[in-house]
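Chemist: Have a look at this one.
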Amino acid sequence: MNENKLRNLIKKNEYEKLDFKLKIELFTESVKKELAKDICAIANSRGGRGYIIIGVEDKTKKIVGVDADYITEERVQQIVASRIEPPVPISLEECFLDGKRLLVIVIFNSYQKPYQIRENGAFYIRRGSTTDIMRKQELLSEFQKGISFNLETCPIVNSSIDFFNEELVKRYFYLKGIKISKENREFLLSSSNIIYKNNISGKSMCTLGGLLVFSDVNSIYIPHNMIKIRNLLGEEQTFIIRGNILDMMKSMEKKIREIVPNEYHVALIIDTIRNIMIYRDYSQYNKIVEVVLGKKELTVYCPGEIVKRYRDGRIGYIKRNMWIYEKIISLDSRDGEMNYNLGGKEVKESFTNKVKVIIVNEENITKFIFNKYRTIG
């Protein structure tokens, strides 16, 4: 690590990806446990690389330095490998600043999250400068990213399979070349994970994805499947859109074209919200998709992190909810007109100077801020 980067890190306050320690004595079990806990929490927190800087006072940022030579990368790696599952990728760097020796534990970002402490089974995360246990929603989100399970095919307890839009169900299988009948209906719905049948009780329930795609009244079971549009131009207006995903997309497009001025890139806004409806994090049960039209900009709030930036400047959507994606592109009859897979050159061209993308890690949301790109009149 070069001197400028180290100085910039020291200037910052502690946050999810940065921790300062005056010293670490790796002789006692309690210190080893605490270090493993800190590394686990930083690794599970959203963002890029994390850093634990040893030899700096937390409050004053005074550079004290480290004299001990017993802190080696091998010892830290051993602590990580024996106490964290799976082992967190780390390195130990020796740096010199103002004549003082500092040690920096670099915690690399990885797709193996969430990390777990072997001894007690806990999943830790950082909230600001403090360490906390991960909440259920955070674990669901991370497990889904790691493809440990498919959230869309999870059953919704006490849901009724009578709540499906039968025309949508028939249309989906018709487009697949399958004719659905009373005799094969349950088999087809179950084998395609639209419903889940409990082998013990024999009871069938809707899956999350089944409700999202095929039910017009899914808000009874999944109230966070909602688009809230707030128009702050003139007298404030609020519009709520619910239903199956395809109908929500159509209603959203109609309302956006109705209220958003032509100074905005309306088509890009609509395409962005469509993609959000597919790729948003549906494990965030306390968050909805929200669109706010203000005097100077239009902001779309998306639950979860759904975009990633590449080194060459491209922006792409994280491929979450591929079960839903397959159903929507099968059912949408607009012959490829809709863009559900922004990627590569198209994304770079679409987003340049037209939308600002902000990932708010502490809230686990992505904000898309659209500015006016032309003047009318």
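The values are calculated or read from the model by the stated rules, or taken from the named source; none is laboratory data. Model, not experiment: these values are computed from the prediction. Cβ placement follows ideal geometry from the backbone for every residue including glycine, while neighbour counts extend to all protein chains displayed.
Chemist: Sort out for me the strands (runs of 3 or more DSSP E) sitting completely within segment 279-377 that have 1 or more residues that are at pLDDT 90 or above and surrounded by 13 or more Cβ atoms within 10 Å (Cβ to Cβ). So that I can check it myself, show each step before the final result.
Modeler: Details: elements: 289-293, 297-303, 307-309, 315-317, 355-360, 365-371.
Per the criteria, 289-293, 297-303, 365-371.
Chemist: On to the next question. Being part of a strand (DSSP E or B), under 22 Å from the mean Cα position of the chain (by Cα) and either aliphatic (A, V, I, L, M) or surrounded by 20 or more Cβ atoms within 10 Å (Cβ to Cβ) (or both) is the filter here, so list the residues in segment 218-246 that pass it. First the steps, then the outcome.
Modeler: From segment 218-246, those part of a strand (DSSP E or B) are 227-231, 237-241; that's our starting set.
Restricting the remaining residues to those that are under 22 Å from the mean Cα position of the chain (by Cα) gives 227-229.
Matches in segment 218-246: Ile227, Ile229.
Chemist: I would also like to ask the following. State which residue is nearest to Asn2 (Cα to Cα) when the search covers only segment 77-109 and only residues that are of a type outside the set (A, V, I, L, M) and in contact with a helix residue (DSSP H, G or I) (Cβ under 7 Å, 6 or more places away or on another chain).
Modeler: Our first condition is that a residue be of a type outside the set (A, V, I, L, M); within segment 77-109, this holds for 77-78, 82-83, 85-87, 89, 91, 93-96, 98-101, 108-109.
Restricting the remaining residues to those that are in contact with a helix residue (DSSP H, G or I) (Cβ under 7 Å, 6 or more places away or on another chain) gives 83, 87, 91, 95.
Numbers: Arg83: 30, Pro87: 26, Ser91: 15, Cys95: 8 Å.
Once the filter is applied, the top-ranked residue is Cys95.
Chemist: Kindly list, by first and then second residue, each pair from a residue in segment 223-235 that is among the charged types (D, E, K, R) to a residue that is in a strand (DSSP E or B), limited to pairs with Cβ atoms under 6 Å and residues at least 6 apart or on different chains.
Modeler: Within 6 Å, the pairs are Lys228/Ile240; Lys228/Glu290; Arg230/Thr238; Arg230/Val292.
Chemist: What number of residues in segment 24-38 are touching a strand residue (DSSP E or B) at 6+ places or on another chain (Cβ under 7 Å) and farther than 11 Å from Arg126 by Cβ?
Modeler: Count: 2.
Chemist: Could you tell me how many of the residues in segment 205-229 are more than 17 Å from Pro303 (Cα to Cα) and touching a Ser or Thr at 6+ places or on another chain (Cβ under 7 Å)?
Modeler: Total satisfying the criteria: 5.
Chemist: Limited to segment 75-94, what total is found for residues that are aliphatic (A, V, I, L, M), assigned to a strand (DSSP E or B) and in contact (Cβ under 8 Å) with a residue 24 or more places away in the chain?
Modeler: Here the count works out to 2.
Chemist: So, one more: Just checking, does segment 282-303 include any residue being among the aliphatic types (A, V, I, L, M) and in contact with a Phe, Trp or Tyr (Cβ under 6 Å, 6 or more places away or on another chain)?
Modeler: Of all residues in segment 282-303, those among the aliphatic types (A, V, I, L, M) come to 288-289, 291-293, 298, 300.
Now restrict to residues that are in contact with a Phe, Trp or Tyr (Cβ under 6 Å, 6 or more places away or on another chain): 298, 300.
The answer is yes, given that some residue of segment 282-303 is among the aliphatic types (A, V, I, L, M) and in contact with a Phe, Trp or Tyr (Cβ under 6 Å, 6 or more places away or on another chain).
Chemist: Please specify each residue of segment 1-41 satisfying the condition of being in contact with a Lys or Arg (Cβ under 6 Å, 6 or more places away or on another chain) and part of a helix (DSSP H, G or I).
Modeler: Ile10, Ala36, Ala41
Chemist: Can you find, within segment 181-217, the residue that is surrounded by the most Cβ atoms within 10 Å (Cβ to Cβ) among those that are acidic (Asp, Glu) and in a loop (DSSP other than H, G, I, E, B)?
Modeler: Keep residues of segment 181-217 that are acidic (Asp, Glu), which gives 183, 186, 216.
Then drop every residue that is not in a loop (DSSP other than H, G, I, E, B), which leaves 183, 216.
On the way: Glu183: 7, Asp216: 15.
This residue is Asp216.
Chemist: Out of the residues in segment 76-97 that are modelled with pLDDT of 90 or more and of a type in the set (D, E, K, R), which is surrounded by the most Cβ atoms within 10 Å (Cβ to Cβ)?
Modeler: Arg83
Chemist: Among Asn165, Asn109, which is at pLDDT 95 or above, surrounded by 13 or more Cβ atoms within 10 Å (Cβ to Cβ) and not assigned by TED's automatic domain parsing to the domain that holds Ile324?
Modeler: Values: Asn109 fails: at pLDDT 95 or above.
Step by step, each of Asn165, Asn109 is checked, and only Asn165 is at pLDDT 95 or above, surrounded by 13 or more Cβ atoms within 10 Å (Cβ to Cβ) and not assigned by TED's automatic domain parsing to the domain that holds Ile324.
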